[in-house]
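Here the structure is laid out as structure tokens; the discussion comes afterwards.
Every number here is computed from the coordinates shown, using simple stated rules; none is lab data. Remember, predicted model here, so these are calculated numbers, not experimental data. Every residue, glycine as well, gets a Cβ built from its backbone with ideal geometry; the counts of neighbours run over all protein chains shown.
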Amino acid sequence: MAILEVRNLEKSFGKTQVLKGISFNLNEGEVLSVIGSSGSGKTTLLRCINFLETADSGKITVDGDVIFDSEGDKKLSKKEQLEKQLSIGLVFQDFNLFPQYNVLDNVKLALKVRAKKRPDFKKNKKAIYEEIDLKAKAVIKKMGLEDKMGNYPCELSGGQKQRVSIARAMALEPKILFFDEPTSALDPELTGEILKVIRELAEENMTMVIVTHEMNFAREVSDYIVFMDNGVIAEEGEAEYVISNPRTDRLKAFLSKISD
């Protein structure tokens, strides 16, 4: 059963149509890589699924729950959108950490926001916050940053900042984890450490959608690849096949440019 279903998703900014009827499925435990040139609609697709943008039309279903349906009778309230958003992790290319908070507090922040929605929060506030503290520390340790919990973002390398960003998303135990070009803001020597973290998550059967320009990585870690071009899915299929046997001239040109 598909954990993510996207049907006929469309999005325009002014007169520019960025998404033109995007449809795909993703099964639980699979890794989907979305590739394509800048401006092809990759990031807009992720942002629409995560409610950072609102699609103009289409339907999105996550784990059987319809989270967006332009033709449906029932629209999600802002509160319901926030709840759905917290269940879908997103790792940004530019980290998006809060500079005034240390590593531990950056990871705990979203957990605290979600905890305040619990009906027993006021009664069990202390115990809930202790639980959040333990969960945040565990996921930070998993990212290899246990010695950096008290450090602030300005005291971290780019790779460390991105690992904090991943820890923050993982702490929410998302059903799907999205990465928007997670290595694009990193120096080449730091790229490897982030790709290693993502490989390890894939080995743990974390369901992921990754926008990336790292073709060798996409071939290795992905079950499925979608190639977007000018707002449409121009090619899709099993990772090895799509990269090794491009059918369209556009994908051939893209892969040639990436490998140069």
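Side notes on the structure shown:
- Exposure proxy order (Cβ contacts within 10 Å, fewest to most) of L32, L201: L201, L32
- Working note: Cα atoms of the chain, range along each principal axis, descending, whole Å: 59, 50, 35.
- Charging the Cβ of each Asp and Glu at -1 and of each Lys and Arg at +1, and nothing else, the dipole of the chain about its Cα centre rounds to 1300 debye.
- Listed from fewest to most Cβ neighbours within 10 Å, the set S157, S222 follows the order S157, S222.
- S256-K196 pseudo-label distance in nm [points 7 Å out on the Cα-to-Cβ vector]: 3.6 nm
- Positive-end ranking of I243, I198, N230 along the dipole of the range 115-260, with charges on Cβ about the Cα centre, is headed by I198.
- Note on C154 and T248: with the Förster distance fixed at 35 Å, the Cβ-Cβ geometry gives a FRET efficiency of about 0.20.
- Computed about its Cα centre, the charge dipole of the range 112-260 is approximately 1280 debye, with only Lys, Arg, Asp and Glu carrying charge at their Cβ.
- Net +/- balance of residues flanking D229 in space, Cβ distance below 14 Å, scoring K and R +1, D and E -1: +3
- Proximity of backbone amide H atoms, modeled 1.01 Å from N, is registered between V91 and F178, F179, D180 at under 5 Å, excluding neighbours fewer than 5 places apart on the same chain.
- Extension gain, D63 to F98: 0.36 nm times the residue separation minus the Cα-Cα distance gives 9.6 nm.
- Exposure proxy ranking, count of Cβ atoms within 10 Å, fewest first, for E236, E173: E173, E236
- Cα gyration tensor shape of the range 81-130, rounded if a/c is under 1.5, else prolate or oblate by comparing a/b with b/c: oblate
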